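These notes are about the structure you will find just below.
The values are calculated or read from the model by the stated rules, or taken from the named source; none is laboratory data. These numbers were taken from a predicted model, which means no experiment stands behind them. Every residue, glycine among them, receives a Cβ derived from its backbone with ideal geometry; neighbour counts consider all protein chains shown.
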Amino acid sequence: MQKEQTTLADYRNKLIVNPGNKLRLKDVDPDFKGHHETKEAAAPELERYRQKLSQMQALLYAEKKHSILIVLQAMDAGGKDGTIKHVFAALNPQGASVAVFKQPTPIELDHDFLWRVHPHAPPKGWVAIFNRSHYEDVLVTRVHKLVDKPTCTARYELIRAFELGLKESGTAILKFFLHISKEEQLARFGKRLDDPSRNWKISESDYTERALWDDYMRAVEDALSATSTRDAPWYVIPANHKWFRNLAVAQIVADTMEELGMSFPKPSVDLAEIRRKYHAAVREENKVEGGKAGENGFGIQEPGHGRPHNVRATNPLP
Ligand code: ATP
Ligand code: MG
């Protein structure tokens, strides 16, 4: 990544909810596009960050010291599913998980609100993505007055302690609120109506929840302000432009992973010894057999014999 570009677009600095500061969503323009004008112009940069994510995940998995927890929150049609598909598809599924948190079941409701969440925390080496999360328990529950204000305040504290515990065991936590405008939400609902392949996504509750938009914004402002910490920061991602949303999330996650300073573990065996013991002998063998090439009577190199091996034998691997 060129330095100039990194400086131009340090979305971690720009979009973070500074710990201790009161978030005002009105100050965040959901139409913000950063330094690119179009999806096409942003595409190569997004691709570079997707590749970086993939490389970082390989290190994460091999090193097995850290894990990554990504929390996605948004209003309906805010783009949680799209972000998972377009950004996190860059991850190797062996080493990544997605947990989706819907309305709690009766059994879940009989437990404390973190009970259903903890088992989905990522083990070392893994990336876990939460599509909705424990934050529903201070957002939708608050808007619908299922919990009162003191309970909500106590839950902020429990959440901070929970996330600190995860951090202490090696988990880097990144939390994203995908911020769309109320108008953009209606436009996206409209597109779902017009697209038969997406009709199934429409629910009446999308529209009834929309009527509570301002209450949701207030709940989001309070929850994010209370729970954005240095170790588990919130980022408010302008998300009216899906391509910008993808670029910002990809950059923030990839750069955070890079800063973990990961490296591949040292081999547990003596490589020179392994090479000598198991590879050199085979190479010698092939050299001898390769010398007899043409014995099939057609002068054709058979697979596994002849030139390719001879080439390697004269040019040993570094
Ligand atoms: P989509 O984008 O496909 O609509 P979604 O995440 O909105 O995805 P839905 O099945 O439409 O999925 O909605 C899940 C609902 O579950 C949301 O309205 C959310 O607020 C609610 N929910 C999630 N967790 C809790 C919780 N702990 N308490 C109460 N409601 C919850
Ligand atoms: Mg929904």
In the range 113-139, residues that are within 16 Å of ligand 2 (Cβ to nearest atom), within 17 Å of Arg155 (Cβ to Cβ) and surrounded by fewer than 20 Cβ atoms within 10 Å (Cβ to Cβ) total 2
May I ask you to list the residues in the range 199-219 that are more than 10 Å from Val143 (Cα to Cα), in a helix (DSSP H, G or I) and out of contact with any Asp or Glu (no Cβ under 6 Å at 6 or more places or on another chain)? Asn199, Trp200, Lys201, Glu204, Ser205, Tyr207, Thr208, Arg210
Please count how many residues of the range 213-243 are exposed (fewer than 15 other Cβ atoms within 10 Å of the Cβ) and within 16 Å of ligand 1 (Cβ to nearest atom). 2
Select the helices (runs of 4 or more DSSP H) contained entirely in the range 20-135, then report the ones holding at least 2 residues which are touching a residue at least 12 places away in the same chain (Cβ under 8 Å) and of a type outside the set (Val, Ile, Thr). 39-63, 80-86
For the range 208-230, pairs from a residue that is more than 27 Å from Leu166 (Cα to Cα) to a residue that is modelled with pLDDT under 95 and of a type in the set (S, T, N, Q), with Cβ under 6 Å and 6 or more apart or across chains, are none
Pull up the range 85-106, narrow it to residues that are within 13 Å of ligand 1 (Cβ to nearest atom) and of a type outside the set (D, E, K, R), then point me to the one that is farthest from Leu46 (Cα to Cα). Pro106
Sort through Gly34, Gly82, Gly78 and tell me the only one that's within 11 Å of ligand 1 (Cβ to nearest atom), in contact with a helix residue (DSSP H, G or I) (Cβ under 7 Å, 6 or more places away or on another chain) and closer than 30 Å to Lys182 by Cβ. Gly82
